[in-house]
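Asker: Got a structure for you, written out below as structure tokens; questions coming shortly.
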Amino acid sequence: MITPMKRYSFLVYHREYTDFLNELQKIGILHVIEKESGELADEKLREQYNLINQFNTAIKFLLKREVEAKSKSIAKSDGHKILGEIQNIQEEIELKTQQLSSLKKEISIIKPWGDFSFEDMDRLRDHGFNIRFYICPAKKFDNKWKAEYNVEEINHIGGQTYFIVVQEGDESIDINAEEIKLPETSLSGLLKKQKDIEDVLEKSEEIFDLYAQKYISLLISTRDKLQEQFDFENVVFNTEKQAEEKLMLMEGWVPEDKMEEINLFLENSGIYYIASNPEPGDKIPVKLKNNKYSKLFEPIAELYSLPDYKELDLTPFFAPFFMMFFGFCLGDAGYGLLFIIIASIIKLRAKRSIKPLITLVQILGGSTIVFGLLSGTIFGIDLKLVNIPFLTSMKDIFLDPKDMFYFALILGGIQIIFGMIVKILNITKQLGFKYALSTLGWIILIVSSVLYYMLKSKYGTEVNGLKYLYFVVLVSSLIMILFLNNPEKGLLGNLGKGLGDIYFTATGVFGDLLSYIRLFALGISSAILGYVFNYLALEMRGDTIIVSQIVFLLILIVGHSLNIFMAVLGAFVHPLRLTFVEFYKNAGFIGGGKEYKPFKKNK
């Protein structure tokens, strides 16, 4: 759900304003309304913002290094100085990397000619001898050149002939070959430069590892202080000055469940304020508030967009479906069990901040076990074909591929209808129930048609008496769709919109339903690949006991690891698509909400 917000307006005497903001920042619950939009208009704020981004970039860079911090305490140094050192080293690395690339190119040019002294070349040139370097395809090399000129073959690489011509003076040479201009440094000299640069780059990496061990906490602390200062000055910048700048007017949003805390502070400080309800057109920040289970899925919801303040938070509505869809796509009980075991081990030593994500992995692993047992698949083994006594009684619950196909469509149909029900709630919350009558008509039409078809298919002519009831329901739903879709329009306006809705909704719902076949396709492909790797492992075993067991285990481990990687990727991406496209569309999701960011001190 979305936490209700109250709008607060403060009027503060200018000499008390700094102290007032300091106290507000300590409380940390007010989302300040910024008067400016788009880019920061103040030059100083822009500089601070850019500096904060530089710290964020440096912190992310160091956090990627696989080293453990020597101490969690903050190093006694200047964070700005450390940032400057990091940036200087990065600039030097960039320069050295460019130089290394140029050197490697020069080395590749001179290497076929071997290592020789350019000083000797200069001495020869001083005595009137000029040495020119040529390259041509080996099949085009003409031995007549040796009779006409002082030609010496140097090397033959990759079908190319490398040769030199020694001449007195600078007269022209008539040879059908490409003349090469060599670098002015010997091969050994270039290799030494390459080694020196590589040593510098290696030393730089060691320095970064040391910085990651010592200074991450310092950089974070400095960044947080800068962020606090930026937030403070940004609030001051966005404050309206009244009565010849004697009074400061500021506005912000406070969650309703936090009002008591800020009201107590305001009453004790004697600050004049007004708390009011949001008005149409207000850009109200969004703060999600869900139970423990639904909260685990909030990071998934935020991948797309936060809901608009006026609408429903769809997180608790899509969470159970996403869990089921993931299990359906992965579809192997063994993989699910592996997920739970690995996640449980990691969770024992994980940071508190990432434990919810690990719990989500455990839940998705549990869903995978359930759907893996439904399809009768564990580590690529089809349990329906295994003759184990205790599995005999369970084989009746295993679904064959045809059943899984229909099960995927049923789940899709349920989510589509559920999404329409959520859309009714969404529209009712924002505009009123009369605006949702058209959607209600679609639900009645679809559900009644499906029920009538199922009864007709099973009982035949025995349900003929229901056709009159179905006709009444059909007409009622069509009236809602065609003539009650928008209370603000007239009869013809509703009819035109309703006819358009019939085409787009009918084709859209059918297309959406077919999209859920991907659940079956991914689940069955994962099971088949698991079976293939099991088959290969059995077939590739040799006659030697130890070697055959090693080969058997290697194929199983590598094969199932690849299968798990590909299956997990699909099991995450495709339910995500079904959620953000099919479900969100049918639920009437608007999105575009602005995240609630309170003005507070960073811990």
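Asker: Output the DSSP H helices from the chain with an along-axis C-alpha extent of no less than 18 Å and a mean Kyte-Doolittle hydropathy no less than -0.5.
Answerer: Working: long enough: 43-63 (30 Å, -0.34); 79-110 (46 Å, -0.34); 187-214 (40 Å, -0.62); 216-237 (31 Å, 0.09); 315-330 (22 Å, 1.70); 333-349 (25 Å, 1.71); 355-375 (30 Å, 1.45); 401-430 (43 Å, 1.02); 437-459 (32 Å, 1.13); 466-483 (25 Å, 2.22); 491-515 (35 Å, 0.74); 517-539 (33 Å, 1.36); 545-577 (47 Å, 1.90).
Long hydrophobic helices here: 43-63, 79-110, 216-237, 315-330, 333-349, 355-375, 401-430, 437-459, 466-483, 491-515, 517-539, 545-577.
Asker: So if I place +1 on the C-beta of Lys and Arg and -1 on the C-beta of Asp and Glu, and nothing else carries charge, what would the dipole magnitude of the range 284-420 be about its Cα centre? I want it in debye, nearest 20. If you can, show how the numbers build up before the last one.
Answerer: On the way: 13 positive and 10 negative charges, 150 e Å.
The dipole magnitude comes to about 720 debye.
Asker: In addition: Taking K and R as +1 and D and E as -1, what net charge do the other residues with C-beta under 13 Å from the C-beta of Phe580 add up to? Numbers along the way, then the final one.
Answerer: Details: positive: Arg577, Lys585; negative: Glu302, Asp512, Glu582.
Cβ neighbours under 13 Å give a net charge of -1.
Asker: Let me ask another. Per residue of the chain, what 222 nm ellipticity follows from adding -39500 (n - 2.57) for every DSSP H run with n ≥ 4, rounded to the nearest 500? Don't jump to the answer; show the numbers that get you there.
Answerer: Working: 20 runs with 358 residues, N = 603.
Estimated from H runs of four or more residues: -20000 deg cm²/dmol.
Asker: Using the crude model of +1 on Lys and Arg Cβ and -1 on Asp and Glu Cβ, and no other charge, please compute the dipole size for the range 292-586 relative to its Cα centre, in debye to 20.
Answerer: Values: 23 positive and 17 negative charges, 138 e Å.
Approximately 660 debye in magnitude.
Asker: Enumerate the aspartates and glutamates that Lys295 could reach by cross-link, defined here as Cα to Cα under 14 Å, with residues fewer than 8 away along the same chain left out.
Answerer: Cross-link targets: Asp313.
Asker: Next question, about the same structure. If you place +1 on the Cβ of every Lys and Arg, -1 on the Cβ of every Asp and Glu, and leave all else neutral, what size is the dipole of the chain about its Cα centre, to the nearest 20 Debye?
Answerer: Numbers: 67 positive and 73 negative charges, 587 e Å.
Around 2820 debye, computed over the chain.
Asker: Next question, about the same structure. When semi-axes √(5λ) of the Cα gyration tensor in Å is calculated directly from the model, which label among (i) 61, 45, 28; (ii) 52, 29, 24; (iii) 101, 27, 20 fits?
Answerer: The listed entry that was calculated here is (i).
Asker: Have a look at Gln549, Ser353, Pro278 and report the one farthest towards the positive end of the charge dipole of the chain, computed about the Cα centre with Cβ charges (Lys/Arg +1, Asp/Glu -1).
Answerer: Pro278
Asker: Say the dipole of the chain comes from +1 at the beta carbon of Lys and Arg and -1 at that of Asp and Glu; which of Phe129, Asn291, Leu522 then lies farthest toward its positive end?
Answerer: Asn291
Asker: Of the listed peptides 18-31, 118-131, what is their order by residue-averaged count of other C-beta atoms within 10 Å, with the highest listed first?
Answerer: 18-31, 118-131
Asker: Right, here's the next one. Quick one: check the C-alpha center-to-center distance for the range 327-343 versus the range 5-37, whole angstrom.
Answerer: The distance from the Cα centre of the range 327-343 to that of the range 5-37 comes to 49 Å.
Asker: If you don't mind, another one. With the cut-off at 19 Å, tell me which of the pairs Lys76/Lys203; Lys310/Lys489; Lys60/Lys81; Lys6/Lys585; Lys310/Lys585; Lys146/Lys181 have Cα atoms farther apart than that. Intermediate results must be reported in sequence, preceding the final value.
Answerer: Working: Lys76/Lys203 23 Å; Lys310/Lys489 23 Å; Lys60/Lys81 17 Å; Lys6/Lys585 30 Å; Lys310/Lys585 17 Å; Lys146/Lys181 21 Å.
The answer is Lys76/Lys203; Lys310/Lys489; Lys6/Lys585; Lys146/Lys181.
Asker: So which trypsin sites (Lys or Arg not before Pro) in the range 329-373 end up in coil per DSSP with only 10 or fewer other C-beta atoms within 10 Å? It would help to have the intermediate numbers written out before the result.
Answerer: Working: sites: Lys347, Arg349, Lys351, Arg352; in loops: Lys351.
For trypsin sites (Lys or Arg not before Pro) across the range 329-373 that sit outside H, G, I, E and B with at most 10 neighbouring Cβ atoms in 10 Å, the list reads Lys351.
Asker: A further question follows. Distance between the C-alpha centers of the range 218-276 and the range 483-560? Whole Å please.
Answerer: Using only Cα atoms, the two centres lie 50 Å from each other.
Throughout, read-outs are computed from the coordinates displayed, never taken from laboratory work. Computed from a predicted structure; not experimentally measured. Cβ: placed from backbone, ideal geometry, glycine included. Neighbour counts: every protein chain shown.
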